[in-house]
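Notes for the one structure printed next.
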Amino acid sequence: MNIGVIGCGAMGKGIVKNLIKQGLTVKVYDASPDYVSFCDEMGAIPVSSARETAADADALFLSLPSPEVVKNVLLSDEGVLSILQAGAYILDLSTIDPMTSIHLSKAANHQGAYFFDCPVSGGPAGADQGNLTIMVGGPEEQFSSVLPLLQVIGKEIIYLGKSGAGQTAKLCHNMLVASITASLGEVLTVGAKAGISPESLANIIEKGSANNRVLSIFGLNMIEGTYDNVNFFLSHMHKDVNLYTKLAASQSVPSFIGSLVLQLYESAKANGMGKLDSSAVCLTIQEQSNFSFGTTAHQS
């Protein structure tokens, strides 16, 4: 198969690596020449535009930062959808909103292509190791055809239903991660200010019923203040929580917790923390408390 990958940054480069290891021909494009060069060194075929990536692709992977970028790549005057061959598969690994996925699926069907929303969980490490969790929405009758490709980059592939279902699951998942991260930032700050070291409190949490994977992934950054060690950009988490609150509103579900978490991430982003790890939301709580712990000061 001829494979195209548009977006080969933190997540995309690992995806490219594993597709190449499988012996597939992979064309890559990214707005950053550095990312393209990195994939070139791994054995991918660099091209100079998204349209070149898609021209003869049997399957096209997208790993892009926002709904607006995904729509632009597919539907703009220079978009790739119009030149995809009939029967091609679009596997959108980006995290966007369900309504956009539904719209793009209809547009793809009109061109004779098949669109799947396939948001992923596992971060850059999971992409590199090929063990991502992938939440899939799209045409069920075509799922068996794309499953082998998804198995190259993921360990847990879960088909959830029609277009948009994958994005719904991902936004709910990331909202929960964001709320736990913010809660950890609060309790570690309260504990530290009251005289219990963050290390000790984290150890207690790990041994109690409050134990969670968010602590194991993001906790060290909070404890040591190493927010420049990015597992997941704060700006991306802000985007995802914002999309989640809009999804909740569209379903007439009051988002009491989501709205509060969004305010915390909005404050952190407004204070220049967007390019730090999403756990830097802890700094917003510390700043409001006039108290800090950890070794790395925030520099906006």
Which members of segment 56-81 meet the condition of being among the hydrophobic types (A, V, I, L, M, F, W, C) and either outside any loop (DSSP other than H, G, I, E, B) or out of contact with any strand residue (DSSP E or B) (no Cβ under 8 Å at 6 or more places or on another chain) (or both)? 59, 60, 61, 62, 69, 70, 73, 74, 75, 81
For residue 296, which of the numbered conditions (1) over 20 Å from the mean Cα position of the chain (by Cα); (2) at pLDDT 95 or above fails to hold? (2)
Hey, among 195, 208, 191, 138, which residue is among the small types (Gly, Ala, Ser) and in contact (Cβ under 8 Å) with a residue 24 or more places away in the chain? 138
Here are some residues: 245, 284. Which one is open to solvent by less than 50 Å² (accessible area, probe 1.4 Å), farther than 20 Å from residue 119 by Cβ, in contact with a helix residue (DSSP H, G or I) (Cβ under 9 Å, 6 or more places away or on another chain) and touching a residue at least 12 places away in the same chain (Cβ under 8 Å)? 284
With criteria (1) at pLDDT below 95; (2) under 29 Å from residue 234 (Cβ atoms), residue 48 comes up short on (2)
Which of (1) open to solvent by 40 Å² or more (accessible area, probe 1.4 Å); (2) out of contact with any Phe, Trp or Tyr (no Cβ under 8 Å at 6 or more places or on another chain) does residue 275 not meet, given it meets every other one? (2)
Count of segment 82-92 residues which are open to solvent by less than 10 Å² (accessible area, probe 1.4 Å) and either modelled with pLDDT under 95 or aliphatic (A, V, I, L, M) (or both): 3
Only one of 94, 101, 66, 49 that is out of contact with any helix residue (DSSP H, G or I) (no Cβ under 7 Å at 6 or more places or on another chain) and polar (S, T, N, Q): 49
Whether any residue in segment 108-115 is under 21 Å from the mean Cα position of the chain (by Cα), modelled with pLDDT of 95 or more and among the hydroxyl-bearing types (Ser, Thr, Tyr) is what I want to check. no
Could you give every pair whose Cβ atoms fall below 8 Å, whose first residue belongs to segment 21-38 and is surrounded by fewer than 16 Cβ atoms within 10 Å (Cβ to Cβ), and whose second residue is part of a strand (DSSP E or B), counting only separations of at least 6 or pairs across chains? 37/46
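The values are calculated or read from the model by the stated rules, or taken from the named source; none is laboratory data. Note that the structure is predicted; figures quoted are calculated from it, not measured. All Cβ positions, even for glycine, are placed from backbone atoms using ideal geometry, and neighbour counts span all protein chains on display. Ligands, DNA and RNA are excluded from the accessible area calculation, which covers all protein heavy atoms including side chains. Shrake-Rupley method; radii C 1.70, N 1.55, O 1.52, S 1.80 Å.
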